[in-house]
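The values are calculated or read from the model by the stated rules, or taken from the named source; none is laboratory data. Remember, it's a predicted structure, so these values are computed and weren't measured experimentally. Glycine also receives a Cβ, built like all others from the backbone with ideal geometry; neighbour counts cover every protein chain displayed. Side chains are part of the model used for accessible areas, which takes the heavy atoms of the whole protein and leaves out ligands, DNA and RNA. Shrake-Rupley method; radii C 1.70, N 1.55, O 1.52, S 1.80 Å.
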Amino acid sequence: MTIYYVNSATGSDRNSGTGQNSAFATLSKVESLTLKPGDSVLLAKGSVFNEQFDIKYSGTESAPIKIGSYGTGAAPVIHSGDDGIHSRYASNIVIENLKISNSGGAAIYGGSVANWTVRDVEIDKAGMSSDSGSVKFRNSKNITIEDSKISGVKSDGIWIEKVEGVKLLNNTVTNSHGATADAIQVNDSSDILIRGNHLDQTHAESPKGVIVLIRPVNAVVEDNSLSGGGFGISAQAGKNVAIRDNDISGFHGYDWSFAIGLGDQGNTRDYDIAGNHIHDGAWGVVVTAPAGDPDYVRANIKIHDNVFDDLTQSALKVDRPASGSFYNNTIESGVDAYSISPAIVDAHSFTVSNNHTVANVETVLAASDTRVAAATDAAVDPAVVAVHDNLKIFTDTGEAHRGNLLENDSSDNGTLLLRRFGGEAVGEHGLTLTGEYGVMHVDREGNYAYTLDETKLPGHDGHVSETFGYGVNDGTSQHNDGDTLTVFIHMDGLLS
């Protein structure tokens with residue numbers, strides 16, 4: 001495991017490169033080496049390199065090759081008429097603590113690579129001669145981009161295509177310019193986590209939006225701040241997508257502009273859109289497709305516990321065949337709750353229930369922040385967190401029911417029918433449900449106990465979650481009540 005030093009001001013390619021006082025001068029000298037697993041290439045702070053850096057060799061998962069910096073002062077800068085950093089087929093690479101500026105091509109490009117981490121990298125004005133964007137990966141596996149700043153690039157800020165395992169964490173992306181530019185675009189990829197990013201297209205020279213997910217599978221978009229653009233999140237066709245706890249605002253420019261849009265470009269299944277604050281724009285959540293595309297499936301779309309305010313159009317629009325529900329949302333007075341085509345209303349396939357209109361959403365948001373803080377302070381084990389979403393009434397043709405599902409809403413014969421678990425039922429002692437990672441037991445007083453089976457977690461990092469759903473069907477009063485419990489399992493917390 002060798003550390004190579006590169007200093008554009010004081011180094012020489014005749015040096016050994018293995019000490020700060022014997023540093024190389026150029027990146028091309030590093031390219032002539034056969035880097036091995038565990039090797040590091042450190043660029044001197046204050047250095048400027050006017051060349052593309054090609055990464056040709058792979059590390060291993062336990063000993064990646066690292067490209068970083070050393071010394072004091074400003075981060076080292078890579079300028080290039082082509083890509084800033086370019087690689088094909090190299091895997092297990094870490095790039096950190098650098099700046100890439102005014103590259104003609106992409107700032108970082110990786111094709112057919114695996115296990116790359118890009119962290120604490122600043123990118124300014126990439127793609128200047130080719131409109132090729134800043135950070136690009138395709139046909140790859142396990143790509144993480146975190147704690148990085150991307151601004152003023154031409155084309156998409158981050159562009160991903162056909163990648164299995166994507167993590168975009170705590171990045172700032174501002175003003176991605178160009179006719180097809182979004183802050184983030186992820187195409188035909190799976191196992192996607194986009195969390196904690198600040199994405200701003202307010203002053204971008206682009207007619208598009210902030211996040212585009214094209215045919216995602218198993219995607220979570222959470223705790224992001226999105227502003228500007230023609231739309232917030234376009235997740236038009238995909239499977240098992242959660243969009244939650246984001247702040248989405250400033251989506252203007254078109255009569256169709258939306259915060260969250262889905263239903264176009266293919267089948268759309270199993271979406272959970274919850275906890276978002278959607279404001280200062282046109283439409284809220286839109287389920288739609290162009291005319292002539294009636295055969296797409298749009299199924300099991302849940303939109304709940306969101307806050308909508310300062311919209312010129314409805315909080316919800318559904319104008320193509322779809323099944324789902326819109327419930328427990330808070331809508332500021334003056335904003336239309338929904339616009340659903342008559343055919344869908346007549347089909348009873350997209351239900352609307354238990355939404356609330358308020359004069360001032362700021363009061364609601366402040367109360368929500370207080371509850372979240374209290375729940376965080378009360379958590380005993382930060383590695384396993386359970387979130388109970390309170391009683392949901394899916395349909396109710398009889399007397400309204402409120403309260404804890406198991407405590408107050410048991411059926412007359414003391415048997416609870418489980419809505420999503422076949423013909424299972426439970427009596428007066430409570431219920432037990434088996435999930436992918438553990439077992440949940442709920443007693444009749446509504447107390448929850450979750451037992452984690454750590455042997456079911458190999459191959460995961462970061463976090464996973466599983467959701468249990470159960471309900472009571474009381475034929476006497478003909479109402480269906482439902483409740484859910486979601487368990488988030490943070491592997492980093494378990495291992496610490």
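Points worth noting:
- Computed label-point distance, nm, for sites SER225 and THR434 using a 7 Å Cα→Cβ extension: 4.6
- Exposure of HIS203 as accessible area (Å², to 10), given a probe of 1.4 Å and all protein chains: 140
- Bridgeable lysines around LYS125 (alpha carbons under 30 Å apart, same-chain partners fewer than 8 residues away excluded): LYS29, LYS45, LYS56, LYS66, LYS99, LYS136, LYS141, LYS149, LYS154, LYS162, LYS167, LYS208.
- Shape of the stretch 91-141, Cα gyration tensor, a/c cut at 1.5: oblate
- Shape class of the stretch 1-78 from the alpha-carbon gyration tensor: prolate, with a/c at 1.5 or above and a/b greater than b/c.
- Average Cα contact separation per residue, the stretch 217-303, under 8 Å, 6 or more apart, as relative contact order %: 30
- Taking 0.36 nm per residue of separation and subtracting the current Cα-Cα distance, fully stretching the chain between LYS36 and SER129 would add 30.1 nm.
- Pairwise label distance in nanometres, ASP346 with ALA291, each label 7 Å out on the Cα-Cβ vector: 1.9
- Rounded if a/c under 1.5, otherwise prolate or oblate - the stretch 61-124, Cα gyration tensor axes: oblate
- The modelled label-to-label distance between ALA359 and MET1, using points 7 Å beyond Cα along the C-beta direction, is 6.4 nm.
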